[in-house]
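Participant: Take this structure, written in structure tokens, and hold onto it; I'll ask about it next.
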Amino acid sequence: MHARWPHRATAVAAMLVVLSAWAGDGTRAQQAGAGAAYPDTMFSGLKWRSVGPDRGGRSIAVAGSAARPLEYYFGATGGGVWKTTDGGTTWSPAADKFLKTSSVGAAAVAESNPDVVYVGMGEVQLRGNVIQGDGIYKTTDGGKTWAHVGLGESMAVARIRVHPKNPDVVYAAVLGNPYAATEQRGVYRSRDGGKSWDRLLFRDAKTGAVDLSMDPNAPDTLYAGLWEVYRTPHSLSSGGPGSGLFQVGRRRRHLDGIDEEPRLPSGLWGKVGVSVSPVDAKRVYAIVENENGGVFVSDDGARRGSRRTTSAACGSARSTTRGSTPTRRSATRSTC
């Protein structure tokens, strides 16, 4: 397990450098109002290819830093944390001596200090053979050593977001135990690097947080996708009145739909994904599992639409939809 995995990936490393530079330049140009456009022919010679490591299984957690364009981490579902410092030419296991569980569901590198990395344990893509986790781990020396920093009963951590200027402020979307109702669900925050956590958003014991996105201009404002889901060894029930889209930190809630959908769909909601544009924080995307689901977008920070208040336990959050009692097993599932 501790062997390094060489690959002929010089071209891929170069591609990562080019893409990273292009992404950074493009972002700065758009932020400056230049609106620079790049012809498709500029990228016609670039093709995706595997950069390893050569192993079976899946990965749903990957993180990197703009300050170190060749350094990345990924979490394997059953294989721990891996790291590359050469754009994927070689990979090494980075945390085997420190992790007590093996399946990684989330990873995040602190923008202000790339040596600080958080990983959340437990898979949230709920197949019949998922492995539960034991909370959050953290390194402050680029993966040389790791420490357990809380949420030990979370079972499945879906997403981690770190404040762009303060690596001690970190948020975690916790799905919780997929096999039973539990109170250890929702969106959590730590302001001391994981020494303590407070819960910002909780819906009910059957609904957990499956996605989390941060407003780049106001890092204390986040959007959270909640998912009411129940797994057994032989079945999956996706959807219920707990599922919905929430905003943590400010008042508001609704996205306009792409194409024919004027608003977010009504009725039974399942899995929800959400992402705020890093270029324009008013642009918010959502993926909704629903009979009329799909991809939805708002260009005003999700301010338009109706408000529906949730229970007092949710604090200032308000839901876009209440849904109805589950009547079917699963709709078209997103993978966010």
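The numbers here are math on the coordinates, done by the rules we state, and not lab data. Fair warning: this is a prediction, and the values are worked out from it, not measured in the lab. Virtual Cβ from ideal backbone geometry, glycine too; neighbours counted across all protein chains shown.
Participant: State the Cα centre-to-centre distance between the stretch 40-60 and the stretch 90-119 in whole Å.
Facilitator: About 21 Å separates the Cα centre of the stretch 40-60 from the one of the stretch 90-119.
Participant: Another question, then. Would you mind getting me the FRET efficiency between Thr232 and Glu291? Use the beta-carbon distance for r and R0 = 35 Å, nearest 0.05.
Facilitator: 0.90
Participant: Please label the shape of the stretch 59-319 as rounded, prolate or oblate, based on the square roots a ≥ b ≥ c of the eigenvalues of the alpha-carbon gyration tensor (a/c under 1.5 means rounded; beyond that, a/b larger than b/c means prolate, else oblate).
Facilitator: prolate
Participant: Could you order peptides 182-189, 161-168, 222-229, 41-48 by the average number of other Cβ atoms within 10 Å of their residues, highest first?
Facilitator: Working: 182-189: 21.8, 161-168: 17.2, 222-229: 27.2, 41-48: 9.4.
Per-residue mean Cβ counts within 10 Å order the peptides as 222-229, 182-189, 161-168, 41-48.
Participant: Right, here's the next one. What is the stretch 121-270 by shape, rounded, prolate or oblate, if you read a ≥ b ≥ c off the alpha carbon gyration tensor as root eigenvalues and call it rounded for a/c under 1.5, prolate for a/b larger than b/c, and oblate otherwise?
Facilitator: Judged from the Cα gyration tensor, the stretch 121-270 comes out oblate (a/c at least 1.5, b/c at or above a/b).
Participant: At what distance in nm do the modelled label points of Ala180 and Asp299 sit from each other, each positioned 7 Å from its Cα along Cα→Cβ?
Facilitator: 5.0 nm
Participant: Report the extension gain between Asp168 and Arg263 in nm, rounded to one decimal, defined as 0.36 nm multiplied by the number of residues separating them, less their alpha carbon distance. Please report the intermediate quantities before stating the final value.
Facilitator: Details: separation 95, 0.36 × 95 = 34.20 nm, distance 3.69 nm.
That pair, Asp168 and Arg263, stretches by 30.5 nm at full extension.
Participant: So if I place +1 on the C-beta of Lys and Arg and -1 on the C-beta of Asp and Glu, and nothing else carries charge, what would the dipole magnitude of the stretch 59-319 be about its Cα centre? I want it in debye, nearest 20.
Facilitator: Details: 31 positive and 27 negative charges, 130 e Å.
Rounded to the nearest 20 debye, it is 620 debye.
Participant: Also: Please sort 231-238, 130-137 by packing, taking for each peptide the average over its residues of neighbouring beta carbons within 10 angstrom, highest first. Can you show the working numbers first?
Facilitator: Details: 231-238: 12.9, 130-137: 21.8.
Top of the packing list down: 130-137, 231-238.
Participant: Please report the net charge: other residues with Cβ closer than 12 Å to the Cβ of Lys195, K and R +1, D and E -1.
Facilitator: -1
Participant: Between their Cα atoms, which of Lys83/Lys206; Lys83/Lys195; Lys100/Lys195 are more than 30 Å away from each other?
Facilitator: Numbers: Lys83/Lys206 34 Å; Lys83/Lys195 25 Å; Lys100/Lys195 18 Å.
The answer is Lys83/Lys206.
Participant: Pulled fully out, how much extra length does the chain show between Ser102 and Asp86, if you take 0.36 nm times their separation in residues and subtract their Cα-Cα distance?
Facilitator: The span from Ser102 to Asp86 would gain 3.3 nm if fully extended.
Participant: Around Arg185, with a cut-off of 15 angstrom between Cβ atoms, what is the net charge of the other residues, counting Lys and Arg +1 and Asp and Glu -1?
Facilitator: +1
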